[in-house]
Amino acid sequence: MGAMTLAEKLGQLTMTASGYAVTGPIIVGDSTDAIKAGTIGNLLNLVGAAHIREMQRLAVEESRLGIPLLIGFDVVHGHRILFPIPLGEAALFDPDTWALTAREAAKEAAAEGLAMTFAPMLDVARDPRWGRIAEGPGEDPWLATRIAEAKVRGFQGANLAAADALASVAKHFCAYGAVTAGRDYASVDVSERTLREVYMPPFAAAVAAGAAAVMPAFTDLAGVPMTANKDLLRNALRGRFGFKGVIVSDYNAIAELVRHGIAADLAQAAAHALKAGVDIDMMADAYRRGLPVALERGLVTMTEIDESVRRVLTLKEQLGLFDDPYRRGAVPESAAALSHRRQLARSVGARAIVMLKNEREALPLAHSVRRIAVVGPLADAPSQMRGPWWGAAEEEGAVSVAAGLRAARPEFQVMHAPGVDIDSEDVSGMEAALELCTAADAILLCVGEAATMSGEAASRAHLGLPGKQREFAEAVLQRARASEKPVIAVLFSGRPLVLPWLAEKADAVLAAWFLGSEAGNAIADVVTGRVSPSGRTPVTWPRAQGQIPLFFGQRSGGRPADPNDRYTSKYLDVPNAPLFPFGHGLTYGRFALSNLRVTPVDVEDIDTMRIHVDVRNDGPREAQETVFLFTHDKVASVARPLLELKGWAKVTLRPGETATVTLSLRAADLRFLGPDLEPLFEPGQVEILVGPCADRSKLLVTTVDLSWSRPC
Ligand code: BGC
């Protein structure tokens with residue numbers, strides 16, 4: 001640090017794109033000269049081992065101080081081989097698999113020389129109008145927290161310096177998912193309690209798991225943009241959570257402080273961000289251009305700049321970049337590693353599918369089915385399967401539904417026609433597709449959103465099927481009804497859609513999100529019965545848009561809905577209940593739960609409860625059931641949500657088999673933030689609820705008594 005000039009220091013605080021995959025308004029040209037001059041210390045959006053190595057060589061061998069570059073990329077759900085989008089992968093409710101896919105993605109990206117991923121995205125989201133719900137963990141803080149831990153563990157591995165480790169960037173701190181009206185980048189205004197109970201815990205968990213970096217959200221929180229939010233970045237993140245790592249701004253976010261209306265110019269914007277603790281300026285060039293002016297004006301000190309430079313250099317050191325800047329990308333991956341990863345993508349894809357409905361034994365397809373009409377605009381759409389953030393994956397790399405089915409069984413006669421486009425008014429192809437339906441034994445109706453209709457800058461006010469898809473789907477359903485053919489709707493989306501009519505009329509509905517490189521094979525595995533579906537939805541599916549935001553963790557209020565009392569909390573025109581609750585997901589088994597018991601029932605704050613429930617598979621096939629554990633604190637000094645998720649367990653049972661499932665719950669996890677927002681363990685009764693989803697009518701309930709620990 002003593003040898004560095006101001007320009008070189010500001011270079012270490014600067015991250016620019018190489019022009020590969022720009023996600024924002026600023027496009028920077030060739031950075032080669034700046035790297036040699038030591039005035040760019042970090043890059044994003046660069047892929048390919050040879051390119052990365054050459055850029056690194058310029059920094060290490062041709063710059064004055066030879067400080068290696070930190071090169072990051074959005075390795076969100078895979079790099080070249082894609083796993084399901086994060087919302088889909090959340091449906092697995094399986095921390096080990098969440099960690100495993102992150103590990104595989106890290107290996108693949110690190111083998112190209114990358115050292116940082118802008119993931120995991122940990123924004124709890126309860127408004128499906130917001131397109132970025134696709135990139136995140138869903139609606140629940142407990143679930144998001146488990147994902148945070150698993151992903152950081154997976155991306156970073158045991159040792160950040162290892163050749164296959166990536167520095168993980170937990171993003172976007174904080175409450176980005178609560179943008180007003182679900183409109184991306186809009187203002188956020190949530191209570192301090194909701195911030196601490198819902199939006200912050202996943203970030204605290206990521207920090208506790210050792211996340212190397214954090215990215216503040218683009219948004220403002222009650223008027224204070226997160227990029228300049230000293231209270232949350234310095235006091236909460238670095239203070240309360242104990243975060244020691246690097247804060248990297250979001251794309252151009254520092255310059256946007258001017259548009260937010262809290263800075264008059266780039267120098268003031270840069271000063272705000274630096275003082276809040278933002279170390280790396282991604283794509284705004286505000287630090288290089290603004291901080292020298294800010295220094296002159298006395299808005300920042302050299303000590304503050306040095307503090308950030310030290311953090312960036314420390315991270316580079318932890319990543320092993322000073323020891324050997326080429327350790328990542330030195331050895332290309334073997335063909336066996338790639339094929340293993342594809343297999344994993346297939347099995348994870350199949351497990352991410354949520355079977356929302358299955359009637360008349362539509363699924364798995366009967367053995368008599370030979371001719372299958374695979375219709376709809378997403379039936380043979382390989383590039384769409386990758387989802388809204390496809391990283392460095394090739395378009396041709398993803399398997400479509402039609403291709404997956406053809407490969408699944410040679411005896412299948414797979415007939416395909418799109419019928420309509422995803423989003424156009426053209427209905428000229430409808431009749432041809434309907435004719436295929438007439439000729440088929442079963443119909444797979446593949447409808448939904450285009451991949452780019454969710455993700456960043458992809459909010460939607462209408463959550464139905466775009467274009468003429470509904471018209472087409474209704475025609476298919478009508479044609480099928482006349483001939484008694486099963487219609488299996490395969491729904492592609494980056495969010496829950498609002499489709500009560502489809503859920504009513506189709507025989508089966510699969511939420512297939514965007515499953516990544518192996519999508520079609522994964523769907524074929526479930527449809528043919530090779531894999532019994534086990535995914536559970538990590539978000540509530542509304543029956544009407546006007547119900548949004550709809551999530552299970554609501555409070556009772558003083559006038560809970562009562563059909564016989566007008567002056568209670570409900571709508572005149574739609575029930576309060578969702579179309580599908582959080583946790584919903586059918587299997588090829590049929591599970592019954594009984595005999596819920598908890599020990600101890602008198603609980604002290606140091607205890608761990610064991611919760612047992614018997615699970616029996618009454619169905620005709622082996623399947624995996626997920627058993628959720630919720631709690632409800634009936635009387636507390638601050639009203640608690642009607643259900644709070646506290647865990648889950650999985651069990652696979654053969655037909656007729658019974659097993660006892662045991663969950664554990666630490667009494668300490670029943671603490672909540674008291675009236676003063678400090679954690680409080682409050683004596684009283686707490687309901688323990690266990691069952692298949694967040695629908696209270698389907699849960700077994702028992703009650704425990706909490707009391708203070710007796711002094712020993
Ligand atoms: C997104 C981030 C992403 C960054 C870099 C931004 O537009 O908000 O999530 O990491 O671009 O690609």
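The values are calculated or read from the model by the stated rules, or taken from the named source; none is laboratory data. All values reported here derive from a predicted model rather than from experimental measurement. We place every Cβ from the backbone using ideal geometry, glycine too, and count neighbours over all the protein chains shown.
Counting just the residues of the range 177-208 that are closer than 27 Å to residue 676 by Cα and part of a loop (DSSP other than H, G, I, E, B), which one comes out nearest to the ligand (Cβ to nearest atom)?
If we take residues in the range 177-208 being closer than 27 Å to residue 676 by Cα and part of a loop (DSSP other than H, G, I, E, B), then 179 is nearest to the ligand (Cβ to nearest atom).
Identify, by number, the condition in (1) of a type outside the set (Lys, Arg); (2) crowded, with 20+ Cβ neighbours inside 10 Å; (3) more than 14 Å from residue 699 (Cα to Cα) that residue 644 doesn't meet.
For residue 644, the exception is condition (3).
Hey, any hits in the range 698-706 for a residue that's closer than 25 Å to residue 558 by Cα, hydroxyl-bearing (Ser, Thr, Tyr) and touching a residue at least 12 places away in the same chain (Cβ under 8 Å)?
Restricting attention to the range 698-706, the residues satisfying the condition of being closer than 25 Å to residue 558 by Cα are 698-706.
When the remaining residues are screened for being hydroxyl-bearing (Ser, Thr, Tyr), the result is 702-703.
Filter again for touching a residue at least 12 places away in the same chain (Cβ under 8 Å), leaving 702-703.
Yes, because at least one residue in the range 698-706 is closer than 25 Å to residue 558 by Cα, hydroxyl-bearing (Ser, Thr, Tyr) and touching a residue at least 12 places away in the same chain (Cβ under 8 Å).
Within the bounds of the range 73-89, is there any residue that is more than 29 Å from residue 496 (Cα to Cα) and modelled with pLDDT of 95 or more?
Within the range 73-89, none of the residues are more than 29 Å from residue 496 (Cα to Cα) and modelled with pLDDT of 95 or more.
Please state which of the following conditions residue 23 fails to meet, knowing it meets all the rest: (1) within 16 Å of the ligand (Cβ to nearest atom); (2) at pLDDT 95 or above.
(2)
Does any residue of the range 93-103 turn out to be of a type in the set (A, V, I, L, M, F, W, C) and in contact with a Leu (Cβ under 6 Å, 6 or more places away or on another chain)?
no
Name the residue that is nearest to residue 99 (Cα to Cα), counting only residues in the range 209-237 that are within 16 Å of the ligand (Cβ to nearest atom) and small (Gly, Ala, Ser).
Per the stated criteria, the residue is 211.
Output the residue which, of all residues in the range 128-140 that are within 12 Å of the chain's Cα centre (by Cα) and more than 16 Å from the ligand (Cβ to nearest atom), is surrounded by the most Cβ atoms within 10 Å (Cβ to Cβ). Full working, then the answer.
Just the residues of the range 128-140 that are within 12 Å of the chain's Cα centre (by Cα), to begin with: 131-140.
Subsequent filtering for residues that are more than 16 Å from the ligand (Cβ to nearest atom) retains 138-140.
On the way: 138: 26, 139: 30, 140: 27.
Out of the qualifying residues, it is 139.
Kindly check whether there is at least one residue in the range 97-114 that is β-branched (Val, Ile, Thr), more than 17 Å from residue 386 (Cβ to Cβ), surrounded by 24 or more Cβ atoms within 10 Å (Cβ to Cβ) and in contact (Cβ under 8 Å) with a residue 12 or more places away in the chain.
Scanning the range 97-114, I find no residue that is β-branched (Val, Ile, Thr), more than 17 Å from residue 386 (Cβ to Cβ), surrounded by 24 or more Cβ atoms within 10 Å (Cβ to Cβ) and in contact (Cβ under 8 Å) with a residue 12 or more places away in the chain, so the answer is no.
Conditions (1) surrounded by fewer than 17 Cβ atoms within 10 Å (Cβ to Cβ); (2) of a type outside the set (Gly, Ala, Ser); (3) assigned to a helix (DSSP H, G or I); (4) in contact with a Gly (Cβ under 6 Å, 6 or more places away or on another chain), marked per residue:
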site	(1), (2), (3), (4)
244	yes, yes, no, no
254	no, yes, no, no
330	yes, no, no, no
339	yes, no, yes, no
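Would you confirm whether or not the range 238-255 contains a residue that is within 17 Å of residue 118 (Cα to Cα), more than 16 Å from the ligand (Cβ to nearest atom), of a type in the set (A, V, I, L, M) and out of contact with any Lys or Arg (no Cβ under 7 Å at 6 or more places or on another chain)?
no
For a quick check of your reading of the model, give me the residue pairs whose first member lies in the range 443-458 and is within 16 Å of the ligand (Cβ to nearest atom), whose second is aromatic (Phe, Trp, Tyr), with beta-carbon atoms closer than 7 Å and at least 6 apart or on different chains.
Short answer, once both residue conditions are applied: 455/389.
Please state which one of 683, 679 is under 24 Å from residue 143 (Cβ atoms), loosely packed, with under 14 Cβ neighbours inside 10 Å and out of contact with any Gly (no Cβ under 9 Å at 6 or more places or on another chain).
On the way: 683 fails: under 24 Å from residue 143 (Cβ atoms).
From the options 683, 679, the qualifying one is 679.
Kindly provide the set of residues from the range 103-127 that are under 19 Å from the mean Cα position of the chain (by Cα) and either part of a loop (DSSP other than H, G, I, E, B) or under 30 Å from residue 542 (Cα atoms) (or both), ordered by number.
118, 119, 120, 121, 122, 123, 124, 125, 126, 127
So residue 238 ticks every box in (1) surrounded by fewer than 24 Cβ atoms within 10 Å (Cβ to Cβ); (2) more than 12 Å from residue 276 (Cα to Cα) but one. Which box is left unticked?
The number of the failed condition is (2).
Does at least one position in the range 41-57 carry a residue that is small (Gly, Ala, Ser), more than 16 Å from the ligand (Cβ to nearest atom) and outside any helix (DSSP H, G or I)?
Looking for residues that are small (Gly, Ala, Ser), more than 16 Å from the ligand (Cβ to nearest atom) and outside any helix (DSSP H, G or I), one finds at least one in the range 41-57, hence yes.
Might you let me know whether the range 286-305 holds any residue that is of a type outside the set (Lys, Arg) and within 16 Å of the ligand (Cβ to nearest atom)?
Looking through the range 286-305, at least one residue is of a type outside the set (Lys, Arg) and within 16 Å of the ligand (Cβ to nearest atom).
Of the numbered conditions (1) out of contact with any helix residue (DSSP H, G or I) (no Cβ under 8 Å at 6 or more places or on another chain); (2) away from the ligand (no atom under 15 Å from the Cβ), residue 273 satisfies every one except a single condition; which is it?
Of everything listed in (1) out of contact with any helix residue (DSSP H, G or I) (no Cβ under 8 Å at 6 or more places or on another chain); (2) away from the ligand (no atom under 15 Å from the Cβ), residue 273 misses just condition (1).
Which of the residues spanning the range 596-605 are surrounded by fewer than 16 Cβ atoms within 10 Å (Cβ to Cβ) and touching a residue at least 24 places away in the same chain (Cβ under 8 Å)?
If the condition is that a residue be surrounded by fewer than 16 Cβ atoms within 10 Å (Cβ to Cβ) and touching a residue at least 24 places away in the same chain (Cβ under 8 Å), then 597, 600, 601, 602, 604 are the ones that fit.
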